[in-house]
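The values are calculated or read from the model by the stated rules, or taken from the named source; none is laboratory data. Here the structure is a predicted model, which is why all the values come from computation and not from measurement. In this analysis, Cβ positions are derived from the backbone assuming ideal geometry, glycine residues included, and neighbour counts consider all displayed protein chains. Side chains included, ligands, DNA and RNA excluded: accessible areas come from the protein's heavy atoms. Shrake-Rupley method; radii C 1.70, N 1.55, O 1.52, S 1.80 Å.
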Amino acid sequence: MIEKIHLSILREIDRKGSLTAAASSLHLTQSALSHSIKKLEQHCGTSLWLKDGRQIRLTEAGNYLLEQANRLLPQFERIEDTLRQFAGNELGSLRVGMECHPCYQWLLKVVQPFLAQSPGVDIDVRQRFQFGGMAALFNYDIDLLITPDPIHKESIVFEAVFPYELVLVVSQSSKLSSLTQLAPADLSTETLLTYPVETARLDIFQQFLLPAQCMPRQHKTLEATDIILQMVAANRGVAALPKWLALEYAQTLPIRLLRLGKDGIHKHIYVGYRKQEQQNRHLQTFIALARRQGSQTTAG
């Protein structure tokens, strides 16, 4: 069987000009080098070189194998170098799953420094899970899951990266805008705008409306945060969003932020990953940057 060492021997003989120099370059004894080629010749049934005094003359088969060595060995070396980079966490990809629709703008502020700190690592963000993010994590479709609603499993680690408050965003011209905090019944005459997520995963329903047995007059779903807030600003509905995100839009849109109930609804954004990858440097770099950006977000 032809092995990498056979190709390396022929290349070094061609480069160095003698068996002695080639053996020294490859950290082999001359007898070990000769024995290796002799075994290959026996396997192939043809000679690869002929000795002419102290000189080595390659046969036609030997020259053919030398050509292949010069073509293949650089590819082997690139493969080995790439594997070393993987082993040193210098190369690879990080696939991030999102179960937090309003977190996309925040995530972009994490991605930029991550790419700067990890020049050999690509990143991909996936959102279309229909809230099957845990399955994607278990099935190795993603490496990280960003979610406000962790499902704790023994093989998955969830780390909180930053806290936030869920607030109701209303138009400055809304009749609700004069209030400082809301009761569930206040939404009974309103159109509630949400992302296209099942009601069981919407905190405005699960933690605010349903416990009080209240429902909005109408419930509409929209995919884009920008459109939701433009609709709110035009007094076409109200929306429950993270306070940090609503504050960003409040700088340019005529909207107000209202607390949901006396104490408000308080949440955390979590990053989840497989426990077996707890030492993965890419993951830990991302989480550290997520925490840093989270603290800047909440401070702002």
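Within the group Ile13, Ile79, which residue is over 30 Å from Thr225 (Cβ atoms) and either touching a residue at least 24 places away in the same chain (Cβ under 8 Å) or among the polar types (S, T, N, Q) (or both)?
Going through Ile13, Ile79 in turn, the sole match is Ile13.
Could you list, ordered by first residue, the pairs with Cβ atoms under 8 Å in which the first is in the range 190-214 and in a helix (DSSP H, G or I) and the second is among the aromatic types (Phe, Trp, Tyr) and open to solvent by 60 Å² or more (accessible area, probe 1.4 Å), at least 6 apart or interchain?
No pair meets every condition.
State which residue pairs qualify: first residue over 16 Å from Leu33 (Cα atoms) and of a type in the set (Ser, Thr, Tyr) and inside the range 50-71, second residue at pLDDT below 95 and in a loop (DSSP other than H, G, I, E, B) in any location, beta carbons under 8 Å apart, and separation of 6 or more residues or different chains.
If the second residue must be at pLDDT below 95 and in a loop (DSSP other than H, G, I, E, B), the pairs left are Thr59/Thr46; Thr59/Ser47; Thr59/Leu48.
For Ser31, work out the one condition from (1) open to solvent by 40 Å² or more (accessible area, probe 1.4 Å); (2) in a helix (DSSP H, G or I); (3) touching a residue at least 24 places away in the same chain (Cβ under 8 Å) it doesn't fulfil.
Exception for Ser31: condition (3).
Among all residue pairs at least 6 apart or on different chains, which show Cβ distances below 8 Å where the first residue, located in the range 103-122, is under 14 Å from Trp244 (Cβ atoms) and open to solvent by 50 Å² or more (accessible area, probe 1.4 Å) and the second is at pLDDT below 85 and outside any helix (DSSP H, G or I)?
Pairs that qualify, where the first residue is under 14 Å from Trp244 (Cβ atoms) and open to solvent by 50 Å² or more (accessible area, probe 1.4 Å) and the partner is at pLDDT below 85 and outside any helix (DSSP H, G or I), are Tyr104/Gln127.
In the range 123-142, which residues are closer than 30 Å to Arg84 by Cα and either open to solvent by less than 90 Å² (accessible area, probe 1.4 Å) or more than 12 Å from the chain's Cα centre (by Cα) (or both)? So that I can check it myself, show each step before the final result.
Filtering the range 123-142 down to residues closer than 30 Å to Arg84 by Cα leaves 123-126, 136-142.
Those that are closer than 30 Å to Arg84 by Cα and either open to solvent by less than 90 Å² (accessible area, probe 1.4 Å) or more than 12 Å from the chain's Cα centre (by Cα) (or both): Ile123, Asp124, Val125, Arg126, Ala136, Leu137, Phe138, Asn139, Asp141, Ile142.
Within the range 69-102, take every residue that is assigned to a helix (DSSP H, G or I) and open to solvent by less than 20 Å² (accessible area, probe 1.4 Å) and give me the one that is modelled with the lowest pLDDT.
By that ranking, first place goes to Pro102.
Within the range 1-28, count every residue that is in a loop (DSSP other than H, G, I, E, B), open to solvent by less than 70 Å² (accessible area, probe 1.4 Å) and modelled with pLDDT of 90 or more. Let's see the steps before the verdict.
Let us first name the residues in the range 1-28 that are in a loop (DSSP other than H, G, I, E, B), namely 1-3, 17-18, 26-28.
With the extra rule that they be open to solvent by less than 70 Å² (accessible area, probe 1.4 Å), the set shrinks to 17-18, 26, 28.
With modelled with pLDDT of 90 or more added as a condition, the list becomes 26, 28.
Residues flagged as in a loop (DSSP other than H, G, I, E, B), open to solvent by less than 70 Å² (accessible area, probe 1.4 Å) and modelled with pLDDT of 90 or more within the range 1-28 amount to 2.
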